[in-house]
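Below is one structure, written out as structure tokens; comments come after it.
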Amino acid sequence: MSTITPTPTRAPHGDLPPAGGHGRADRIGSGLFDPKQLLKSFPDALRKLDPRVMVQSPVMFVVLAGSVVTTVLALSDPADWFGWAITGWLWLTTVFANLAEAVAEGRGKAQADTLRRARTDTVARRLAGGKEERVAGTDLRIGDLVVCEAGDIVPGDGDVVEGVASVDESAITGESAPVIRESGGDRSAVTGGTKVLSDRVVIRITTRPGETFIDRMIGLVEGAARQKTPNEIALTILLASLTIVFLLAVVTLKPFAIHAGADDQTSLIVLAALLVCLIPTTIGALLSAIGIAGMDRLVQRNVLAMSGRAVEAAGDVSTLLLDKTGTITLGNRQAAAFVPVAGVTEADLADAAQLSSLADETPEGRSIVVLAKKTYGLRERDQGELTGAAWVEFTAQTRMSGVDLGGRKVRKGATGSVLAWVKERGGRVPEDAAALTDEIARAGGTPLLVAVQDADGARVLGLIHLKDVVKEGMRERFGELRRMGIRTVMITGDNPLTAKAIAEEAGVDDFLAEATPEDKMALIKREQAAGQLVAMTGDGTNDAPALAQADVGVAMNTGTSAAKEAGNMVDLDSNPTKLIEIVEIGKQLLITRGALTTFSIANDVAKYFAIIPAMFAVAYPSLDKLNIMGLTSPESAILSAVIFNALIIVALVPLALKGVRYRPVSADRMLRRNLGLYGLGGLVAPFIGIKLIDLILTLIPGIG
Amino acid sequence: MSPQAAGLLQLTALIAALALACRPLGDHMAKVYSSDKHSRPEKWIYRAIGVNPAAEMRWPSYLRGVLAFSAASVLFLYLLQRIQGSMPGSLGFSSIDPDQAFNTAASFVANTNWQSYSGEQAMGHVVQTGGLAVQNFLSAAVGMAVAVALVRGFARSRTGELGNFWADLVRGTVRVLLPISVIGALVLVACGAIQNFSGIHQVGQFTGGTQEWNGGAVASQEAIKELGTNGGGYFNANSAHPFENPNPLSNLFEIFLILLIPFALTRTFGRMAGSLRQGYAILGAMAVIWIGFTALMMWTEFAHRGPAFEIAGGAMEGKETRFGIAGSSIFAVATTLTSTGAVNSFHSSYTGFGGGITLLGMQLGEIAPGGVGSGLYGMLIMAVIAVFIAGLMVGRTPEYLGKKIGTRQIKLAACYILVTPALVLGFTAVAVALPAPADSMTNSGAHGFSEILYAYTSGANNNGSAFAGLDADTPWFNTTIGIAILLGRFLPMVFVLALAGSLAEQRPVPETAGTLRTDKPLYAGLLVGTILIITGLTYFPALALGPLAEGLAS
């Protein structure tokens, strides 16, 4: 066979359900939310009331300060029910904000606990001067060599430098099927905490204890290592400046009110209530929860982002570099057609092809047997059925497989090898064989020759067209990406001709053929110089520089530790197609922030219409006309606005955690939709909400 | 023809004239600021002030140029007023008091032209023509230079260079403001405005007694007063004075001059940024606000009912019969939505809502279309804020004209939008709380509050118009309004130029289908919404206690 295909290290789990069909609408957007989480996280929310923690969010810090001030005021006048009511709801507003964050973090905590169980203290068998010594796993240093045999827990992250072993990585990936780890090549990385199931390997430790992959994972899912992302910082600044603007508006309102003769109606409690209603508390409260939930959505898809910055960058990606094999095409080529030379029937060729492939256990060989069965009903013959058959197995050296049945010898394999075999036996090669070979190659396929030697001498019967099979639904998916403004570039080691054919079939925008790691690197730099943000996946050590250079580099968990170190995300499933989902999650994260910011700011209009007449209708009766909601009394109007402001936070927690529904459409359509939903919705919703709360409040005796 | 129909016709004629003139002027200005040729007089100027006009400046040196030049201008204008009494050509007026001289100097250098003096009773020919009129040109040219620097920030990439301040200043004056104001002055003279250096005339009145009228280079100052969105009148009555604004035609022409450059600069912006459509989106947002405000103003002024108004045919108190309700309303909106501040009627006498519209117009930051230069950069700052919120909603790090709006850009834009609300609300609060400033109010209650709010709004936003009714020539008001004017003008410029520098250094992001289209009506609409909500919400409580309380009562 012409290619050596990697054996899958994992059960067929790699081929995720194709895009399209079921589950498409909420491909990105799921994420469970259980209302019980709110109750469970309540104690955590209270713990977060520490001002040193709260100061991280300027908006909520102002609310906290407001709560403290109103508490003091309420204490100084304990008979005033209104003061207590406002105080209570301001505290609730603060707690609700913390609750959102606590719920978001809570989901990661469960995951972290599972991981912690894997990080048991291990005893390492360190090799020192050719001798083995037993040391604690925590005493290992970078460069130490350790031995692991069946049943041992790998003591730390490292690369296998000697031997092959099957390893149970379920502790980190959740996947129970064991994977093969071997020295050299791209599957040498082992992770501390995983278990060696068979054989013996020598591992060179590559990380310090406490900084291992599992340690970092725990930090990431718990959100302990969470830093604000650039975009989050920019948004925080904007929100802080809006807070200052409203602080100014409210602080200066006191002298204005005194001048207007409305001193009594603008007590500090009322002003604090107005301030909290005006500053963008909704987004301020949910901002960090949105970020944590975004990371969490990735974790649910078994992707670990090393920083929130990477998740955000994923949303900005404008060029996707996708490896052909495994991402765009199924991992292996498959037989697509039998092409006989003149004078040979297709059925005869199929029969010979199947016979010669029975001893070929590679996926390509299997696909030939299957194709013959499918198209000609040729039953797959068991090797044992044919007595006296001498099987010739496929090897990388001969690049041929076949069978000798008495005087009949059948062979199939790479064109060069088979041609040599035929010529060796003085056989003839039909004139059209070369033309047919070229034709298949031009179409992007790989030609295999089938030849036979029998009483008529050695001769070529025809060709097998091996084809890269483009995964189902990829074309549509690339179309979606194009509409989102993302260009896809296919990377392949194939020749340009083959690459072009597959690129056209898959519908990618561009391709890089006969790609070396240097070519890949040069392509990334070129794209970046043009201002594009590049995302790619990779697993090999030679991918590491490109992974580091790319704006979003997703390393496969099966890859080398060098690759995992270089990338800013690790896909535990090692499924390169997931890059597309990662981009969508990144976008969804930003959209959710924008939507809630818009909603939060639009909310203010209604609150003014509730509170301004409540404060000033006594001084200027004409301002009562602004009370368009017809709220019952000044007290209930202000209280309703404050209650709405607090409740809307809780109401939006599920949205913040799940993320705004995302569909791959153009920026224009997306803006129109979100602006309508969250802009206009944010304008109208509080009018209705405040009125409803007011109606309920009037039912309570003593109010209204 | 009913007055309403006449008003509509005037507005239509105005829009048509602007539409015709903005294209060639915008293109001309783009050429002026992009050319590398220097005319002979320009070379003389560069040699005289000792600068190399071809030297590119990064934002700190550009800013140093702006600030140094403006500081020198303030000092010069201050001294000129302080020695007026001992100079010839001063019509015998004495020197100006220090607090008023500071206020006036700050005001004219900052393109505000707040006047706490009466022109015909305080300023002679030398100060008027040699000091104030000169600043009318230069302060306008400074505003345009800063706007052009910001546009270059968007247009250029991977360089921190924003052009040369001195070249921009000189070119804006020589190639844009001077030629148009010469034509403008001629048109005004043709309409009947005066232009002379005569002394004070004693004129008899119909009712007996005499009146003093002085002459002056009025038409020339009037042209640049409007064209440069300065607004400082030769006479106290400003554009209501028949020597400044003799008839409805001159009135319409003056409004045209006010709006000409600010609107045309959007075309310049589109040209220089390499996409005319981007300029149209900004123009669209400005035009929607301007036309909307004008329509509202006409509606509230025409709709005003009551016995006195019925007899007068509408809300005519404080308005000139020459211009009527429509001519006054269009002028009032144009002057407050730009940083002009010239008035042809008393804003204090408008209906409650009408007064509110003039106030809100200034509080929006004077960006629709705004002052010369300052309108464009103010609007672009709002465009950055709008793009940030909207950009997030399409799932990308927001970008405008290919430049990423990141932490630094938002920080600078946020600082920009903080300055004027802080000045307006802060000073108004202190003035209302202190006993002495409050004594300057003519009215009590909501209207009195509007007087003070209007004064600081006008000062901090560099408008310069007065609500009337407030005695502003007190040390308190002269000083605080002077400070508000200077901070309101130059602090935002610091942030604009820093922003321009940070943008110019960036590598542009190529446009894709995932990019938010900022040259579409949807975005222009979003921009209008952002402006109205963000600035509207800031001032809502203050407006409620002033014009709204008044307007809703009637």
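Taking the Cβ-Cβ separation of residue B:37 and residue A:379 as r and a Förster radius of 56 Å, what is the calculated FRET efficiency to the nearest 0.05? Calculated transfer efficiency: 0.05.
Partner shielding of A:532-540 amounts to 1, given as the average count of beta-carbon atoms from other chains within 10 Å of each residue beta-carbon. The residue list B:417, B:491, B:395 was ranked by how far each Cα lies along the charge dipole of segment B:371-553 toward its positive end, using unit charges on Cβ atoms, and B:395 comes out on top. Could you please state, rounded to a whole Å, how far the C-alpha centre of segment A:111-161 is from the C-alpha centre of segment B:110-180? If you average the Cα positions of each part, the centres end up 73 Å apart. If you plug the beta carbon distance of residue B:212 and residue A:76 into 1/(1 + (r/R0)^6) with R0 = 45 Å, you get a FRET efficiency near 0.10. Taken along the Cα-to-beta-carbon direction at a fixed 7 Å, the label points for residue A:197 and residue A:526 span 4.4 nm. The mean sequence separation of alpha-carbon pairs under 8 Å and at least six residues apart, normalised by the residue count of segment A:52-129, gives a relative contact order of 23 percent. Considering only A:334, B:444, A:613, the residue lying farthest towards the positive end of the dipole of the protein assembly as shown is A:334, judged by Cα position with unit charges set on Cβ.
Going by neighbour counts of Cβ atoms within 10 Å, the residues B:523, A:662 line up, fewest first, as A:662, B:523.
Determine which residues of segment B:89-123 fall in the zone a paramagnetic label at residue B:76 would reach in this model, i.e. backbone nitrogen under 12 Å from the point 7 Å along Cα→Cβ. Residues B:109 fall inside that zone. Counting neighbouring Cβ atoms within 10 Å and putting the fewest first, the residues B:225, B:403, A:467, A:195 line up as A:195, A:467, B:403, B:225. Take every Cα pair under 8 Å whose residues are at least 6 apart in sequence, average their separation, divide by the length of chain B, and the relative contact order is 20 percent. Need one word for segment B:371-553: rounded, prolate or oblate. Basis is the Cα gyration tensor (sqrt eigenvalues a ≥ b ≥ c); a/c below 1.5 gives rounded, then a/b vs b/c decides. Cα axes put segment B:371-553 in the prolate bin. Between residue A:227 and residue A:549, the FRET efficiency estimated from the beta carbon spacing at R0 = 22 angstrom works out to 0.50. Neighbouring Cβ atoms from other chains, within 10 Å of the Cβ of residues in A:647-655, number 0 on average.
Using Cβ point charges alone (K and R +1, D and E -1), the dipole size of chain B about the Cα centre works out to roughly 2360 debye.
Rounded to whole numbers, the Karplus 3J(HN,Hα) couplings from phi for segment A:392-403 are 10, 7, 6, 10, 5, 6, 6, 6, 9, 9, x, 8 Hz, using 6.51 cos²θ - 1.76 cosθ + 1.60 with θ = phi - 60°, and x at Gly and Pro. Each Cα pair under 8 Å and six or more residues apart adds its sequence gap; the mean of these over the residue count of segment B:371-553 is a relative contact order of 30 percent. Within a straight-line Cα-Cα reach of under 22 Å, residue A:412 can be paired with the following lysines, leaving aside sequence neighbours fewer than 8 residues apart in one chain: A:373, A:374, A:423, A:467.
In the protein assembly as shown, the DSSP beta bridges split such that about 80 percent are antiparallel, to the nearest 5.
Using alpha-carbon positions, what is the distance between the centroids of segment A:407-427 and segment A:261-299, in Å? Between the Cα centres of segment A:407-427 and segment A:261-299 lies a distance of 79 Å.
Charge dipole of the protein assembly as shown (Cα centre as origin; +1 on each Lys and Arg Cβ, -1 on each Asp and Glu Cβ, all else neutral): 1160 debye, rounded to the nearest 20.
Put +1 on the Cβ of every Lys and Arg and -1 on every Asp and Glu Cβ in the protein assembly as shown; which of A:170, B:151, A:343 then has its Cα farthest towards the positive end of the dipole? It is A:343, whose Cα lies furthest towards the positive end.
Around the Cα centre of segment A:393-521, unit charges on the Cβ atoms of Lys, Arg, Asp and Glu (plus for the first two, minus for the last two) sum to a dipole of about 280 debye. Approximating the spin labels as points 7 Å out from Cα along Cα→Cβ, the residue A:695-to-residue A:136 distance works out to 6.7 nm. For segment A:58-162, rounded, prolate or oblate, judged on the Cα gyration tensor with a ≥ b ≥ c (square roots of eigenvalues), a/c < 1.5 rounded, else prolate if a/b > b/c? Prolate is the answer for segment A:58-162, as a/c is 1.5 or above and a/b outweighs b/c. Each of residue A:46 and residue B:299 was given a label point 7 Å from its Cα along the Cα-to-Cβ line. The distance between the two points is 5.4 nm. The gain in end-to-end length when the residue A:177 to residue A:424 segment is fully stretched comes to 84.3 nm, 0.36 nm per residue minus the alpha carbon separation. Look at the stretch A:616-626: the mean tally of other chain Cβ atoms within 10 Å of its residues' Cβ atoms is 5. Applying the Karplus relation 6.51 cos²θ - 1.76 cosθ + 1.60 with θ = phi - 60° to segment B:384-389 yields 3J(HN,Hα) values of 5, 4, 5, 5, 5, 5 Hz, where x marks Gly and Pro. Shown for B:154, B:206, B:302: other C-beta atoms within 10 Å of each C-beta, ranked fewest to most, produce the order B:206, B:302, B:154. Distance from the C-alpha centroid of segment B:53-97 to that of segment A:625-647: 53 Å, rounded to the whole angstrom. Rounded, prolate or oblate: pick one for the protein assembly as shown, where a ≥ b ≥ c are the square roots of the eigenvalues of its C-alpha gyration tensor, a/c under 1.5 means rounded, and failing that, prolate if a/b is larger than b/c, else oblate. It is prolate, given that a/c is not under 1.5 and a/b is the larger ratio.
Just so you know, all these numbers are worked out from the coordinates, no wet-lab data involved. All values reported here derive from a predicted model rather than from experimental measurement. Note that we place each Cβ from the backbone using ideal geometry, even for glycine, and neighbour counts take in every protein chain shown.
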